[in-house]
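Right, one structure below, let's go through it.
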Amino acid sequence: MKILVTGGTGYIGSHACVELLNAGYEIVAIDNFSNSKPEVVQKIKEITKKEFIFYEGDVCDKDILNKIFKENKIDAVIHFAGFKAVGESVQKPLKYYRNNLDSTLSLLEVMTEFNCKKIVFSSSATVYGQPKSLPIKEDFALSTTNPYGSTKLMIEDILRDLYISDNTWSIALLRYFNPIGAHESGLIGENPNDIPNNLMPYIVKVAIGQLEVLSVFGNDYDTPDGTGVRDYIHVVDLAKGHVKAIEKVLKDSGVDAYNLGTGKGYSVLELVNTFMEVNDVKVKYQIVDRRPGDIAACYADAMKAKLVLNWQAEKDIKQMCKDAYNFVKKQK
Ligand code: WQD
């Protein structure tokens, strides 16, 4: 079975390539390196001791997609490629709508032309907006509060409409909670070039001395210690969830959404303190005002993925903190 992975050198895409290769799939990956580095291709091969086909290119470009499908018999696609910074999407909405929607529409049109109708889509828990209660279930109301999240919800709607128009499609919508950590080898992980928006990459840069202090965005939320609570999931667990989703879409048809989370919430201060304890390192932080748009708490009901995909997260918060730090220490 040959799987096309768009965004294959990205943070989650690269970990998915490793787990797909480990599971015995042949893969073809495409990436334009807009948010990743070329050396990740070799790192994936080094970790798995396996070869795979890589194309440098933009998923918006139908010429390269046609070339990929002409040169390879693609059985299914995992679609990661897309811009993902919430804050940037608020500043530059057209960039996000053009890129994330265009790339998806181009991909789906070429898939249809080549009669490849099996896709796993990288969605996000952000499509739940402000949840009415916790834990969050897949049938909760969907709404978004930023253009990035809106592109994810729009693409889910496009895929649901595509299935209604042709029910030979097989579609899995994977709603990620908060992916953190890195492969145990320390060869691949999350290492943003600029100032990180997300919590864990910021913690790590303070720990290694690249940034001076972590700003904790508010400690007056209605949570146990007042700081924001999120469902952090190890990126390797998340990657393994994609292998299970590929098995599902290869088997039957339909369209279904799945929460990929641990079902447990941790606060900002719990994560910071766990990180300092397991890595024996100091992370200086200061409490500042809330970040506009943040919600107090968000964590998954992960039962559906367990029952339908036979998947559940296995790595705990300590392992996530250890692996995140191990990766960045190896980049120095
Ligand atoms: C986590 C917690 C912050 C940074 C976002 C996207 C979501 C997904 C994951 C793509 C919150 C607090 C953060 C900092 C802080 N991305 N924080 N200081 O906002 O839950 O989710 O990333 O799919 O779509 O919305 O993640 O890591 O930014 O924040 O105190 O410097 O850490 O307030 O409580 P978030 P995050």
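The values are calculated or read from the model by the stated rules, or taken from the named source; none is laboratory data. These numbers were taken from a predicted model, which means no experiment stands behind them. Glycine also receives a Cβ, built like all others from the backbone with ideal geometry; neighbour counts cover every protein chain displayed. For the accessible areas, the whole protein counts, side chains as well, though only heavy atoms, and no ligand, DNA or RNA atoms are used. Shrake-Rupley method; radii C 1.70, N 1.55, O 1.52, S 1.80 Å.
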If one computes the Cα centroid of region 97-157 and of region 199-264, what distance in Å separates the two points? 17
Would you report the distance distribution of C-alpha pairs in region 1-43 as whole percents per 5 angstrom bin, up to the bin with the largest distance? 6, 26, 37, 21, 8, 2
Which three lengths, in whole Å and largest first, does region 25-73 cover when its Cα atoms are put on their principal axes? 31, 26, 11
Below 8 Å, C-alpha to C-alpha, sequence gap of six or more: please give me the relative contact order for region 168-292 in percent. 41
How would Met111, Met1, Met276 line up by accessible area, probe 1.4 Å, largest first? Met1, Met276, Met111
Given H placed on each backbone N at 1.01 Å, which residues far from Ala23 in sequence or on other chains put an amide H within less than 5 Å of it? none
Report relative contact order for the chain in percent, whole number only (criteria: Cα-Cα under 8 Å, sequence separation at least 6). 19
Report Rg (one decimal) and Dmax (nearest whole number) for region 48-91, counting Cα atoms only, units Å. 14.2, 42
For region 1-119, just say rounded, prolate or oblate: build the C-alpha gyration tensor, square-root its eigenvalues into a ≥ b ≥ c, call rounded for a/c under 1.5, and beyond that prolate if a/b exceeds b/c, oblate if not. oblate
Sequence order, region 14-24: Karplus ³J(HN,Hα) from phi using 6.51 cos²θ - 1.76 cosθ + 1.60, θ = phi - 60°, Hz rounded, Gly and Pro as x, gives 5, 5, 5, 4, 4, 6, 5, 5, 4, 7, x
What is the chain by shape, rounded, prolate or oblate, if you read a ≥ b ≥ c off the alpha carbon gyration tensor as root eigenvalues and call it rounded for a/c under 1.5, prolate for a/b larger than b/c, and oblate otherwise? prolate
Quick one: work out the % antiparallel among DSSP beta bridges in the chain, nearest 5. 5
Explain nothing, just the number: dipole magnitude of the chain about its Cα centre with +1 on each Lys and Arg Cβ and -1 on each Asp and Glu Cβ, in debye rounded to the nearest 20. 400
Cβ-based charge dipole, the chain, positive-most Cα from Val18, Gly226, Ser150: Val18
Nearest 10 degrees, 0 to 90: what angle lies between the long axis of helix 268-279 and the longest principal axis of the chain (Cα atoms)? 90
Interchain or long-range residues, amide H under 5 Å from Ile53's placed H: Ile27, Ala29
Please say if region 104-193 is rounded, prolate or oblate, where rounded means a/c under 1.5 for a ≥ b ≥ c the square roots of the C-alpha gyration tensor eigenvalues, and otherwise the choice is prolate for a/b larger than b/c and oblate otherwise? oblate
Write down the percent of antiparallel bridges among all DSSP beta bridges whose residues are both part of region 164-283, to the nearest 5. 15
